[in-house]
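K.L.:
Following this message is one structure expressed as structure tokens.
The values are calculated or read from the model by the stated rules, or taken from the named source; none is laboratory data. Note that the structure is a prediction, hence the values are computed from the model and not measured. Here the Cβ is made from the backbone with ideal geometry for all residues, glycine too, and neighbour counts use every protein chain on show. Ligands, DNA and RNA are excluded from the accessible area calculation, which covers all protein heavy atoms including side chains. Shrake-Rupley method; radii C 1.70, N 1.55, O 1.52, S 1.80 Å.
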Amino acid sequence: LPSVLCLGDCQLQTPCGIQKCTTNFVSLTSHLNSALAGFDLEFCKALRAYFACTYRNSKVCRGNLVYHSAVLGISDLMSQRNCSKDGPTAPTSPDVTHDPCNYSGHIEAKEHQDGEKTPTTTYLFCGLFGDPHLRTFKDHFQTCKVEGAWPLIDNIYLSVQVTNMRVVPGFSATATNKITVIFKSYQDCTDQKVYQAVTDDLPAAFVDGTKGGNVGKTKSLQIVEKVSGKYIEMHARYIGTTVYIRQLGHYLTLAIRMPQELVMAYEDSQDLQLCVNGCPSSERIDYSDHLLLPVMGQLLPQGGAAHPQSVYTLETATTKCHEKMLVKDIYFYSCIFDLLTTGDSNFTAAAHSALQDVEALHPRKEHWHIFPSNGDGSLGKGSKFFVGLGLLCLILVALL
């Protein structure tokens, strides 16, 4: 838009108000992102306001070349964006200063312009912990095998990849031992930043040694160390996103909150995202069917050998998990499942911390707890879950 947004050397010292018209247009559009929903609507509002401003100045700017260039540029942009000349216009003098590196500030400004009193942003939550258990952005809960490297998130703003290894040799139960997070370059808010955590190495900095992706003095991206070597948080103000990474025992957990409109900003080729679409059916122990049969299929190795000696029974595992979690939701039963399948008590802390992360990041309190019977297909009936665990324990005991 060189002819439209002419604010540099081409400015003319004239009595007409074209410079103010152009400055207002820049202020109204600088925070907009063409990849997000609603861009055309807001851009057209700004164009109509720009057009109205030039119309008011048509007489005093009659001989001004910058003015005429702007008028032609507005006409071209309206045609390109299919903007009608009739319709709502953005305020000509916005009284909210837009910070392009503050997502929540951008939303508040948008609400102010639209005259809305209720928030328009929907935040989504995804978490991965334990053996591993996945809670998707749709609040579906799955237990997956997914050995090796898998993408949790892959959109135009952020990529998160996890690597899972087998917990017990010869058995397909896995847990996360590596997490890679890539914050992609975004306008003037941050350069691309890569974070990587592996077992026993949970750094408080990006791989380049910096603790933020800030450009200038804006704190648009920061890493905050909560517990040295055990728990870090990443706050990306420019995309309204928060990431928690923990190490519990020998394995890692991850929790993330991100605006829905940004979660959905991905190409068709990026559809393999566990947080968005869940684990592939071939990699899933899905509770929509009877728990016992898929679990048996995963626990017994190809040679048919018995499961390694476990220090937990159903009763002792239940007691252990109840020490950390009083509500008997899916996190509680995932804790029991992990203790029975691995014998590693650190999975109790992993389930407890995963629930704490939900309470800290999930935007809707009524959805914090997921119970075995919720009727949406993501989990099976409660009776199947309980019977499955009981029968699983009996079979394990019989095999020992």
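K.L.:
Of all residues in segment 311-331, which are surrounded by 22 or more Cβ atoms within 10 Å (Cβ to Cβ) and not in a loop (DSSP other than H, G, I, E, B)?
P.N.:
Answer for segment 311-331, where residues must be surrounded by 22 or more Cβ atoms within 10 Å (Cβ to Cβ) and not in a loop (DSSP other than H, G, I, E, B): A317, C321, I330, Y331.
K.L.:
Within segment 252-287, work out how many residues are more than 30 Å from P100 (Cα to Cα) and modelled with pLDDT of 95 or more.
P.N.:
Adding up the residues that qualify gives 2.
K.L.:
Can I ask one more? What number goes with the only condition from (1) at pLDDT 85 or above; (2) among the acidic types (D, E); (3) within 22 Å of C144 (Cα to Cα) that E366 does not pass?
P.N.:
Looking at each condition in turn, E366 falls short on (3).
K.L.:
Please enumerate the residues belonging to segment 152-176 that are open to solvent by 30 Å² or more (accessible area, probe 1.4 Å), in a strand (DSSP E or B) and in contact (Cβ under 8 Å) with a residue 60 or more places away in the chain.
P.N.:
Listed by number, the list holds a single entry, D154.
K.L.:
Looking at the structure I just gave you, is D344 part of a helix (DSSP H, G or I), at pLDDT below 90 and open to solvent by less than 40 Å² (accessible area, probe 1.4 Å)?
P.N.:
So D344 fails the test.
K.L.:
On to the next question. Assuming V207 fulfils every condition listed in (1) farther than 26 Å from D344 by Cα; (2) modelled with pLDDT of 95 or more; (3) open to solvent by less than 10 Å² (accessible area, probe 1.4 Å) apart from one, which condition is it?
P.N.:
(3)
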